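Just so it is clear, none of the values below were taken in a lab; they were calculated from the coordinates. The structure displayed is predicted, hence computed values, not measured ones. So basically every Cβ, Gly included, is an ideal-geometry build from the backbone, and we count neighbours across all protein chains shown.
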Amino acid sequence: MASPSDHHATVIDGKAIAQTIRSEIASEVSILSEKYSKVPGLAVVIVGCRKDSQSYVSMKRKACAEVGIKSFDIDLPEDVPEAELIAKVDELNANPQVHGILVQLPLPKHINEEKILSQISLEKDVDGFHPLNIGKLAMKGRDPLFLPCTPKGCLELLSRSGISIKGKKAVVVGRSNIVGLPVSLLLLKADATVTVVHSRTPDPESYIREADIVIAAAGQAMMIKGSWIKPGAAVIDVGTNAVNDPSRKSGYRLVGDVDFQEACKVAGWITPVPGGVGPLTVAMLLQNTLEGAKRVIGQ
Ligand code: NDP
């Protein structure tokens, strides 16, 4: 008979799932261009030269090219005046070839992020960060035009792994505007009973132990131990943390918010870091751009 230590969670392969979604998108994009001579367009705006932002942006631009989405590359200097960035967003809002606008965050300190995000046309808000889109996400009976990519990706991973949400107890670790809060709203919409824990929550493990679904988005390397996980739970690890690793050429490696090795012995399903949520975030951005284009074309 198998002992509990023989248990191994099903590892959800985010890379493979994202690849499937990207091929689905690529075939829809080619139908759009054959039938309507329209190519979906995504404007990716980057301000300054932060290394991490540059690598995310180049990944997004490459992904566009792969599925046939036209990417509009806007690279602005670190000291660009706020008014100039707003004018650029307005220009993209008015460009009919652009169906989605993404402004890579964080922006330099002298620029008001909320002002910029609110400037993006609702119909082109493929990141789903416009306050009106988030507001609709929070309201019963309303649907935003776009769902934020990482939260949408988390739910896509659950559904494509055959994990139902309705009636389940879900715990979200983190309450940020870009991950924790919107993912908790999406889970609520999908009929889970949701608890959100954050840095001021005493004894977070007592909540996590009860959860059928855990979404970890705290940005704290391996804070969630195997013993905190309910046997059979689905664990989606959004956390992406660099930790020192002298055995690597780079000197570091990426780990999640969950102790993966430990959690594998208890969880029913788990996403790895890297190769879990990350690839889905990019796939959802492409999907949102396609949706934006289809809405304009009337498909
Ligand atoms: P933020 O730093 O904006 O938010 C972190 C949240 O976690 C906050 O709500 C904070 O609480 C909470 N938190 C921090 N420490 C603890 C703790 N010890 N216990 C419980 N809650 C805690 O991060 P983001 O939401 O932007 O990102 C979270 C993680 O997800 C990061 O590792 C990031 O790199 C990763 N990420 C990955 C993406 C992907 O595509 N894979 C995309 C986006 C993010 P409080 O509100 O009280 O401060």
Would you mind finding the one in 189, 225, 249 that is surrounded by fewer than 19 Cβ atoms within 10 Å (Cβ to Cβ), over 15 Å from the mean Cα position of the chain (by Cα) and in contact (Cβ under 8 Å) with a residue 40 or more places away in the chain? 189
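Could you tell me which of the residues 268, 278 is surrounded by 16 or more Cβ atoms within 10 Å (Cβ to Cβ), within 16 Å of the ligand (Cβ to nearest atom) and in contact (Cβ under 8 Å) with a residue 60 or more places away in the chain? Give the steps one after another, and end with the answer.
Numbers: 268 fails: within 16 Å of the ligand (Cβ to nearest atom).
Every option except 278 fails the conditions.
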Out of all the residues in the range 164-172, is one or more among the β-branched types (Val, Ile, Thr) and more than 10 Å from the ligand (Cβ to nearest atom)? yes
Restricting attention to the range 55-86, report how many residues are touching a residue at least 12 places away in the same chain (Cβ under 8 Å), part of a helix (DSSP H, G or I) and either small (Gly, Ala, Ser) or in contact with a Pro (Cβ under 6 Å, 6 or more places away or on another chain) (or both). 1
Filter result for the condition that a residue is within 30 Å of residue 99 (Cα to Cα), surrounded by fewer than 24 Cβ atoms within 10 Å (Cβ to Cβ) and charged (D, E, K, R), over 262, 291: 291
If I filter the range 71-82 for residues that are among the small types (Gly, Ala, Ser), under 13 Å from residue 289 (Cβ atoms) and in contact with a strand residue (DSSP E or B) (Cβ under 9 Å, 6 or more places away or on another chain), do I get at least one hit? yes
